[in-house]
Amino acid sequence: MIKFLLMVNKQGQTRLSKYYEQVELGKRAALEADVVRGCLARRKEEVSHVSQING
């Protein structure tokens, strides 16, 4: 199930965010920062999308 959609540029700035479940603003910022760090740290051979799995 998709919980949110996040698009960022190469500088890490959020260009689009869409949440399909209610998430607190503080948690959103932390979640977005975590996803951006993962995307910016990827190698050239890796894909440009990630899946975030929370238990």
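Each value in this text was obtained by applying a stated rule to the coordinates, not by laboratory testing. What you are looking at is a predicted structure, and each value in this text was computed from that prediction instead of being measured. Here the Cβ is made from the backbone with ideal geometry for all residues, glycine too, and neighbour counts use every protein chain on show.
Counting helices only, and only those DSSP H runs with n ≥ 4, report the 222 nm mean residue ellipticity of the chain as the sum of -39,500 (n - 2.57) divided by its residues, in deg cm²/dmol to the nearest 500.
Value at 222 nm, helices only, nearest 500: -9500 deg cm²/dmol.
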Top positive-direction residue, dipole computed over the chain with Cβ charges, set 14, 31, 1: 14
Principal-axis tilt of helix 25-40 within the chain, Cα atoms, nearest 10 degrees: 10
Summed side-chain charge close to residue 22 - residues other than residue 22 whose Cβ falls under 11 Å, Lys, Arg +1, Asp, Glu -1: +1
Estimated FRET transfer efficiency (residue 47, residue 20; beta-carbon r; R0 35 Å; 0.05): 0.95
Fraction of alpha-carbon pairs over 19 Å apart in the chain - percent: 25
